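Inspection log for the structure reproduced underneath, given as structure tokens.
The values are calculated or read from the model by the stated rules, or taken from the named source; none is laboratory data. Since the model is a prediction, treat every value here as computed from it, not as a measurement. All Cβ positions, even for glycine, are placed from backbone atoms using ideal geometry, and neighbour counts span all protein chains on display. We work out accessible area using only protein heavy atoms, side chains counted, and drop any ligands, DNA or RNA first. Shrake-Rupley method; radii C 1.70, N 1.55, O 1.52, S 1.80 Å.
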Amino acid sequence: AVHKLFAWYWATENSVNESEKSSISYLPWVESGLIELAGKAEIDTKYVQTRIMAILKKYKFKLLELGYDRYNAKTLVNELSSPKNKIKCVMVGQYPKVLHAPTVSFKNLIKSADIEHDGNPVFLHNLRNARVVMDRNEYQMVNKKECKGRIDGLAAAINAELVFSDAPPPPPPLEIHHA
């Protein structure tokens with residue numbers, strides 16, 4: 001089965017300004033709408049929450065669970081999982097033992113061409129920056145410290161792969177038989 005991946009990015013004005021001093025500027029991606037500004041110095045979680053809900057509505061996605069890295073996520077997770085939004089948020093530990101299976105699975109999806117994405121060049125940049133490392137227990141994971149640059153979208157995709165692989169299979173489609 002082909003996995004379909006869609007990527008959305010948010011950044012602060014400060015991080016975009018800082019990127020001007022590095023080897024890759026985010027400004028062209030912001031100007032073309034591939035990265036949305038969501039706050040000056042800190043991410044505006046209300047904005048991100050509003051955008052997530054709008055994306056779900058626009059594309060008619062049925063979001064069963066949302067995987068997240070707990071780093072700086074408490075406010076957004078509380079907003080998304082509120083009775084109003086009703087999104088089940090699942091914390092994904094950022095450790096080799098936890099991330100090994102979804103990392104290997106994601107690598108296999110790429111190798112077998114069983115993944116389609118929306119062509120977002122920011123995600124392609126994340127892929128080019130990634131470095132998979134193996135620890136002494138032979139667990140594989142993408143290690144941010146070993147990477148050449150930002151990999152946020154890829155890290156989110158691997159978190160999603162874990163949540164997806166742990167989810168129960170959907171019920172079979174309704175079959176209608178005519179007499």
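Within the range 103-113, one or more residues are modelled with pLDDT of 95 or more and β-branched (Val, Ile, Thr). Being open to solvent by less than 100 Å² (accessible area, probe 1.4 Å) and either at pLDDT 90 or above or charged (D, E, K, R) (or both) is the requirement here; does ALA160 meet it? Criteria met by ALA160. Residues that are within 30 Å of VAL16 (Cβ to Cβ), surrounded by fewer than 14 Cβ atoms within 10 Å (Cβ to Cβ) and not hydroxyl-bearing (Ser, Thr, Tyr) do occur in the range 148-155. Condition check: within 18 Å of the chain's Cα centre (by Cα) and loosely packed, with under 13 Cβ neighbours inside 10 Å. Does LYS4 satisfy that? Considered against the rule, which asks whether it is within 18 Å of the chain's Cα centre (by Cα) and loosely packed, with under 13 Cβ neighbours inside 10 Å, LYS4 comes out as yes.
For the range 52-61, state whether one or more residues are surrounded by 13 or more Cβ atoms within 10 Å (Cβ to Cβ) and hydroxyl-bearing (Ser, Thr, Tyr). No. Residue-level check: of (1) among the basic types (Lys, Arg); (2) assigned to a helix (DSSP H, G or I); (3) closer than 30 Å to LYS111 by Cα, LYS62 misses just (2).
Note on the range 74-111: residues that are within 24 Å of LEU127 (Cα to Cα), loosely packed, with under 15 Cβ neighbours inside 10 Å and not β-branched (Val, Ile, Thr) total 6.
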